[in-house]
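Inspection log for the structure reproduced underneath, given as structure tokens.
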Amino acid sequence: MRKIVIAGNWKMHKTRGEALELVETIRKGFKDNGEIKVIVAPPFTSLLSVSEALKDSTIGIAAQNMYFEKEGAYTGEVSPLMLKDVGVHYVIIGHSERRKYFCETDENVNKKIKVALEYSITPILCIGESLEERKGGRTFEKVEKQIEFAFKDISPENARKIIVAYEPIWAIGTGETATPEQAEEVHSFIRKKIAKMYGNNVASYAIILYGGSVKPDNAFSLMRENDIDGVLVGGASLKGDSFLEIIKAGIRVSGGES
Ligand code: PGA
């Protein structure tokens with residue numbers, strides 16, 4: 001059985017004090033019954049404080065990016081070693097905002113995934129098509145290419161550790177969510193693609209999240225779909241109450257009480 005994963009991507013929001021306040025609300029409100037995994041991704045400046053605040057909690061901590069070298073003359077970058085050092089367990093890689101604004105290439109995404117795995121940091125690989133690509137009927141082609149690039153030269157043993165987040169770019173921060181059917185269609189395609197590359201066993205365990213304007217009122221219907229194993233939430237993860245509502249939806253989908 002795949003566990004439902006609910007991840008909050010805080011992007012470039014929250015000072016350290018605000019981050020601690022938010023994480024305290026989540027910690028208090030989330031009653032972990034072992035059915036789901038909750039992850040928060042604060043900005044770099046709050047990682048250490050959040051990781052200390054969550055020391056005795058099952059909530060996972062993700063960074064929003066990482067460089068693929070251990071150390072060196074790379075001004076402004078943060079290495080996997082440094083992330084491990086502050087208690088990070090997950091790292092978001094290839095988010096569409098990084099691809100768009102910070103020249104993140106498929107090649108770098110692949111390098112980052114490999115290095116994250118080497119340091120036992122679980123990569124959360126983001127893929128997804130633009131509105132133009134969707135309208136032009138190129139959605140599957142786009143995500144297929146992104147998967148092929150990202151998983152290049154990755155062993156089946158490592159491939160099974162990667163979390164994939166399907167985030168249609170047109171749905172990110174726009175208030176326009178993919179319908180559960182639209183999302184499921186792509187999720188099921190992604191799972192089949194992983195099966196083609198690594199076999200049914202790896203594919204059946206692969207965790208595939210949906211991201212793009214996930215809110216308390218659409219989270220349940222998205223996660224109820226067969227191949228949607230959770231959500232990567234931006235805007236709605238910035239407030240404790242809405243993030244907790246989404247967590248509750250995840251618990252309901254997994255069959256637990258909430
Ligand atoms: P959003 O962002 O929920 O604000 O659309 C999702 C994401 O970018 O991960």
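The values are calculated or read from the model by the stated rules, or taken from the named source; none is laboratory data. Because the structure is predicted, anything quoted here is derived from the model rather than measured. Cβ sites come from the backbone with ideal geometry, for glycine too, and all protein chains shown count toward neighbours. All accessible areas refer to the heavy atoms of the entire protein, side chains included, with ligands and DNA or RNA removed. Shrake-Rupley method; radii C 1.70, N 1.55, O 1.52, S 1.80 Å.
Observations
- Label reach from Glu21 (point 7 Å along Cα→C-beta): in segment 206-246, amide nitrogens under 15 Å belong to 238-242.
- Amide hydrogen neighbours beyond the local backbone of Val233, cut-off 5 Å, H modeled: Ala7, Gly8, Asn9
- For the cross-link pairs Lys14/Lys55; Lys28/Lys84; Lys100/Lys248; Lys84/Lys161; Lys37/Lys145, the ones whose C-alpha atoms lie over 23 Å apart are Lys28/Lys84; Lys100/Lys248; Lys37/Lys145.
- Protection proxy ranking, highest mean first, for peptides 70-82, 2-14, 205-217: 205-217, 2-14, 70-82, where packing is the per-residue count of other beta-carbon atoms within 10 Å, averaged.
- Here's how it looks for Lys37: its modeled amide H is under 5 Å from those of Ile4, Val5, Ile6, which are all 5 or more places away or on a different chain.
- Taken per residue, the accessible surface of the chain reaches 47 Å², heavy atoms only and a 1.4 Å probe.
- Of the solvent-accessible surface of segment 211-258, computed with a 1.4 Å probe over protein heavy atoms with every protein chain present, carbon and sulfur atoms account for 43 percent.
- 25 °C / 0.890 mPa s Stokes-Einstein diffusion coefficient of the chain, Kirkwood radius on C-alpha pairs, µm²/s: 135 µm²/s
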